[in-house]
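Q: Please read through the structure below; I'll follow up with questions.
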Amino acid sequence: MCGIVGYIGHRQAYPIILKGLQRLEYRGYDSAGVALINENEVNFCKTKGKVADLAAKVSSKISDKGNLGIGHTRWATHGVPNDTNSHPHVSNSGNLVIIHNGIIENYESIKKELINRGYTFSSDTDTEVLVNLIEEIKIRENLKLGRAVRQALREVVGAYAIAVFDKTRPDEIIAAKLGSPLAIGIGEDEFFIASDASPFIEYTKNAIYLEDEELAIIKRGHEVKVRKIKDDSLVNSTIQELKINIDQIEKGGYDHFMLKEIYEQPNAILDTFRGRLLVNEGIVKLSGLENHLDKFINARRIIIVACGTSWHAGLVAEYIFEDLARIPVEVEYASEFRYRNPIIYEDDVLIAISQSGETADTLAAIKLAKSKGAFVFGVCNVVGSTISRESHSGAYTHAGPEIGVASTKAFTTQITLLSLMALRLASAKGIISKSQLREHLIELELIPEKVKKGLQSDAYIQEVSKVYKDTANFLYLGRGYNFPVALEGALKLKEISYIHAEGYPAAEMKHGPIALIDENMPIVVIATKKGHYEKVVSNIQEIKSRKGKIIAIVTEGDTSVKELADHVIEVPETTEFLTPLLTTIPLQLLSYHIAVMLDKNVDQPRNLAKSVTVE
Ligand code: G6P
């Protein structure tokens, strides 16, 4: 986890680093720090807290001048969040300065060895060990910084994206990566280093994404030189042209990124199927899938791996793939899958779903599946992310940057993309007629407008939120396609309002959760017209007779549930497998408004991070 930013060039580094860190706070925000080099002197500032706390401290404590600098926003792994454990970390001589995103797993044994050699440590971090290991090697073998870093990295086990400089050579930054993301922005006589491209997007559209086990020498007045850490060989890195723009990463008039991203869903879904859903021709075109249709059609089964909200999208996909494409699907938490010695066949297809494309457990599951010969298909949002590069093929959701830690548009666009895949496979297998396919495509094309319509319930949902904001527990129920939506609704509420919430298949209520129901328990029930409607209505009756408070999500024009429920939120009608795209919206808004009313930090909830690059 953690976000890193670096700058070397002709501008003042500090404003670039500060703004960059703010954009990277989704990666962690329990402490932050910056180091700036000015006339061979390094000015440091580190603090527990957010990037805003760092800015306040910098303005009162240090000179913010200099055109080389590095900065860090942290999500603690080794050592509590405090000023000392914050990055940057400095070597014993005071010359080498480092920022690090990742974990050095064998840091304890290295630390012991360094202590035996006389090194001292002020923090509890693995990073301080790494910078001193670099220093030890540099001095012992009289090496330049780049070579010393390379050698040190050959001795460490774990994951890293690092940037290091030597204050005695203020014209150079060394960056390297294994397992954590690192992008290098290339401007005119200036370079940027960051965990993703957002910190430098207004300065340059050209970037190199380092691959695992690569090291870059970034020197003023020179081209970036990339070498393999293993054998020093030169790498011919491609300079990519970035497609995101600055408006996409600002709040655009909304109070929170989460709300902005909820409202972006009509467009985001449209962007997911743009150019892929061709209603007139009656076809779906997904270039990443087209060359691999036989892999899917002949697959023994599809295994979907993901974490968090992406896992919920995987659960929805299980229903869609089995129903439409008749391919058996298993959905696994990536973290469980990779550690339980799973049986993986060469004719299995693994779909990895990940918004960030960087989640460590999902990445490890991919590597495991690849080692067993399975075909891996990545469904990611972040272009150029590690998972997208590690997969044999894949498709992007094109949702645009998602900054709010609680995932919203990533979820609905993942479901959209997975629906397109299922439809393409169904037609390739010949189990869906041309006219059925066309009907589904027409329905899918109408979804953005229907989401827009669903968003009109926002004011009413705000009223409902007022009634329940002080409740201690919530229950969410749904069936079939909407069971995963119930899980997602409960997760959203937990994540940002810290209210305990559970999602359950509606029919399972009788086997446990019903014991929780009394007049103080709000129960959100997804009761859309299609999908076991009558059965869900019976469940609502069971809740009613136990005095539970019912918030029902129903299809427009519903009358039966209206009579039973305390609050009714309508969503437009659509075909059954697409209902999750509409029923999710009110649940996102409900959790958003409750969290705002409780004065919680909606975009950066406590203890969470957007991109979990630790196991
Ligand atoms: C974190 C985020 C969640 C996200 C999950 C998986 O827990 O807070 O919002 O769903 O990671 O992330 P991914 O990027 O792999 O979808």
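The values are calculated or read from the model by the stated rules, or taken from the named source; none is laboratory data. Owing to the predicted nature of the structure, the values given are computational and were not obtained by experimental measurement. No Cβ is skipped: glycine too gets one built from the backbone with ideal geometry, and neighbour counts run over all protein chains shown. In case anyone asks, the SASA skips ligands and DNA or RNA and just uses the protein heavy atoms, side chains included. Shrake-Rupley method; radii C 1.70, N 1.55, O 1.52, S 1.80 Å.
Q: For region 100-128, name all the residues that are aliphatic (A, V, I, L, M) and either open to solvent by less than 30 Å² (accessible area, probe 1.4 Å) or farther than 15 Å from Ile4 by Cβ (or both). Spell out the reasoning first.
A: The initial filter retains those residues of region 100-128 that are aliphatic (A, V, I, L, M), namely 103-104, 110, 114-115.
Those that are aliphatic (A, V, I, L, M) and either open to solvent by less than 30 Å² (accessible area, probe 1.4 Å) or farther than 15 Å from Ile4 by Cβ (or both): Ile104, Ile110, Leu114, Ile115.
Q: Thr238 is checked against (1) assigned to a loop (DSSP other than H, G, I, E, B); (2) out of contact with any strand residue (DSSP E or B) (no Cβ under 9 Å at 6 or more places or on another chain); (3) open to solvent by 100 Å² or more (accessible area, probe 1.4 Å); (4) within 19 Å of Ile201 (Cβ to Cβ) and fails just one. What number does that condition carry?
A: (2) is the only condition that Thr238 fails.
Q: Something else about it: So which of Gln462, Gln414, Gln436 ends up being under 14 Å from Leu589 (Cα atoms), among the polar types (S, T, N, Q) and either open to solvent by 10 Å² or more (accessible area, probe 1.4 Å) or not assigned by TED's automatic domain parsing to the domain that holds Leu24 (or both)? Give the derivation first.
A: Working: Gln414 fails: under 14 Å from Leu589 (Cα atoms); Gln436 fails: under 14 Å from Leu589 (Cα atoms).
Result: Gln462 is the single residue among Gln462, Gln414, Gln436 that is under 14 Å from Leu589 (Cα atoms), among the polar types (S, T, N, Q) and either open to solvent by 10 Å² or more (accessible area, probe 1.4 Å) or not assigned by TED's automatic domain parsing to the domain that holds Leu24 (or both).
Q: In region 35-55, what residues are in a strand (DSSP E or B) and either without any contact (Cβ under 8 Å) to a residue 12 or more places away in the chain or within 15 Å of Thr84 (Cβ to Cβ) (or both)? Walk me through it before giving the result.
A: At the first step, the residues of region 35-55 found to be in a strand (DSSP E or B) are 35-38, 41-48.
Passing the criteria: Ala35, Phe44, Cys45, Lys46, Thr47, Lys48.
Q: Just wondering, is there one or more residues in region 220-233 that are over 24 Å from the mean Cα position of the chain (by Cα), of a type outside the set (Val, Ile, Thr) and surrounded by 17 or more Cβ atoms within 10 Å (Cβ to Cβ)? Break it down stepwise before answering.
A: Our first condition is that a residue be over 24 Å from the mean Cα position of the chain (by Cα); within region 220-233, this holds for 220-233.
Subset that is of a type outside the set (Val, Ile, Thr): 220-223, 225, 227-228, 230-233.
After this cut, where a residue has to be surrounded by 17 or more Cβ atoms within 10 Å (Cβ to Cβ) as well, the list is 227.
Yes: region 220-233 contains one or more residues that are over 24 Å from the mean Cα position of the chain (by Cα), of a type outside the set (Val, Ile, Thr) and surrounded by 17 or more Cβ atoms within 10 Å (Cβ to Cβ).
Q: Consider only pairs whose beta carbons are under 7 Å apart and that are at least six residues apart or on different chains; among these, list those whose first residue lies in region 294-305 and is farther than 15 Å from Ala352 by Cα and whose second residue is open to solvent by 10 Å² or more (accessible area, probe 1.4 Å).
A: Lys295/Phe375; Ile297/Ala428; Ile297/Lys429; Asn298/Asp347; Ala299/Asp347; Arg300/Tyr345; Arg300/Asp347
Q: Inside region 422-433, can you point out the residues that are open to solvent by 50 Å² or more (accessible area, probe 1.4 Å) and within 22 Å of Ala395 (Cα to Cα)?
A: Selection gives Lys429 alone.
Q: Can you tell me which condition His511 does not meet? The list is (1) away from the ligand (no atom under 16 Å from the Cβ); (2) surrounded by 16 or more Cβ atoms within 10 Å (Cβ to Cβ), and all the others hold.
A: Checking His511 against (1) away from the ligand (no atom under 16 Å from the Cβ); (2) surrounded by 16 or more Cβ atoms within 10 Å (Cβ to Cβ), the one that fails is (2).
Q: Kindly indicate whether Lys530 is in the same structural domain as His312 (by TED's automatic domain parsing), more than 16 Å from the ligand (Cβ to nearest atom) and not aromatic (Phe, Trp, Tyr). Spell out the reasoning first.
A: Working: in the same structural domain as His312 (by TED's automatic domain parsing): no; more than 16 Å from the ligand (Cβ to nearest atom): yes; not aromatic (Phe, Trp, Tyr): yes.
Taking the combined requirement at face value, the residue does not satisfy it.
Yes/no matrix, rows are residues, columns are (1) open to solvent by 10 Å² or more (accessible area, probe 1.4 Å); (2) of a type in the set (A, V, I, L, M, F, W, C); (3) away from the ligand (no atom under 16 Å from the Cβ); (4) outside the structural domain of Val451 (by TED's automatic domain parsing):
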{"site": "Glu573", "(1), (2), (3), (4)": "yes, no, yes, yes"}
{"site": "Glu576", "(1), (2), (3), (4)": "yes, no, yes, yes"}
{"site": "Thr583", "(1), (2), (3), (4)": "no, no, yes, yes"}
{"site": "Leu587", "(1), (2), (3), (4)": "no, yes, no, yes"}
{"site": "Leu590", "(1), (2), (3), (4)": "no, yes, yes, yes"}
{"site": "Ile594", "(1), (2), (3), (4)": "no, yes, yes, yes"}
{"site": "Leu608", "(1), (2), (3), (4)": "yes, yes, no, yes"}
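Q: For region 317-340, name all the residues that are among the charged types (D, E, K, R) and either open to solvent by 70 Å² or more (accessible area, probe 1.4 Å) or not assigned by TED's automatic domain parsing to the domain that holds Leu423 (or both).
A: Asp323, Arg326, Glu330, Glu336, Arg340, listed by residue number.
Conditions tested, residue by residue: (1) of a type in the set (Val, Ile, Thr); (2) open to solvent by 30 Å² or more (accessible area, probe 1.4 Å); (3) at pLDDT 95 or above.
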{"residue": "Gly489", "(1), (2), (3)": "no, no, yes"}
{"residue": "Lys494", "(1), (2), (3)": "no, yes, yes"}
{"residue": "Tyr498", "(1), (2), (3)": "no, yes, yes"}
{"residue": "Leu516", "(1), (2), (3)": "no, yes, no"}
{"residue": "Glu519", "(1), (2), (3)": "no, yes, no"}
{"residue": "Val525", "(1), (2), (3)": "yes, no, yes"}
{"residue": "Gln541", "(1), (2), (3)": "no, yes, no"}
{"residue": "Lys544", "(1), (2), (3)": "no, yes, no"}
{"residue": "Ile551", "(1), (2), (3)": "yes, no, yes"}
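Q: So Glu202 ticks every box in (1) within 23 Å of the chain's Cα centre (by Cα); (2) modelled with pLDDT of 95 or more; (3) not polar (S, T, N, Q) but one. Which box is left unticked?
A: Checking Glu202 against (1) within 23 Å of the chain's Cα centre (by Cα); (2) modelled with pLDDT of 95 or more; (3) not polar (S, T, N, Q), the one that fails is (2).
Q: Residue by residue through region 78-94, note down the ones that are in a loop (DSSP other than H, G, I, E, B) and surrounded by fewer than 22 Cβ atoms within 10 Å (Cβ to Cβ).
A: Within region 78-94, His78, Gly79, Val80, Pro81, Asn82, Asp83, Thr84, Asn92, Ser93, Gly94 qualify.
Q: Quickly run through region 129-170 and pick out the residues that are aliphatic (A, V, I, L, M), open to solvent by 30 Å² or more (accessible area, probe 1.4 Å) and part of a loop (DSSP other than H, G, I, E, B).
A: Those that are aliphatic (A, V, I, L, M), open to solvent by 30 Å² or more (accessible area, probe 1.4 Å) and part of a loop (DSSP other than H, G, I, E, B): Leu143, Val157.
Q: Could you tell me how many of the residues in region 1-41 are at pLDDT 95 or above and of a type outside the set (D, E, K, R)?
A: 22
Q: Let me ask you something else. What strands (runs of 3 or more DSSP E), lying completely within region 335-402, carry at least 2 residues that are out of contact with any Pro (no Cβ under 9 Å at 6 or more places or on another chain) and either among the charged types (D, E, K, R) or within 13 Å of the ligand (Cβ to nearest atom) (or both)?
A: Here the list reads 348-354, 375-380.
Q: If you don't mind, there's one more thing I want to ask. Being in contact with a strand residue (DSSP E or B) (Cβ under 8 Å, 6 or more places away or on another chain), assigned to a helix (DSSP H, G or I), modelled with pLDDT of 95 or more and within 12 Å of the ligand (Cβ to nearest atom), is that true of even one residue in region 416-439?
A: no
Q: Return yes or no: is Ile262 at pLDDT 95 or above and in contact with a helix residue (DSSP H, G or I) (Cβ under 7 Å, 6 or more places away or on another chain)?
A: yes
Q: Collect the residues in region 190-228 that are within 15 Å of Tyr7 (Cα to Cα), aliphatic (A, V, I, L, M) and either assigned to a loop (DSSP other than H, G, I, E, B) or touching a His at 6+ places or on another chain (Cβ under 6 Å) (or both), keeping them in residue-number order.
A: If the condition is that a residue be within 15 Å of Tyr7 (Cα to Cα), aliphatic (A, V, I, L, M) and either assigned to a loop (DSSP other than H, G, I, E, B) or touching a His at 6+ places or on another chain (Cβ under 6 Å) (or both), then Ala197, Ile201, Val224 are the ones that fit.
Q: Can you report the number of residues in region 54-76 which are open to solvent by 70 Å² or more (accessible area, probe 1.4 Å) and of a type in the set (D, E, K, R)?
A: Selection size over region 54-76: 2.
The rows are residues; the columns are (1) touching a helix residue (DSSP H, G or I) at 6+ places or on another chain (Cβ under 7 Å); (2) of a type outside the set (Asp, Glu); (3) under 29 Å from Ile320 (Cα atoms).
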position	(1), (2), (3)
Val554	yes, yes, yes
Gly557	no, yes, yes
Ile569	yes, yes, yes
Glu573	no, no, yes
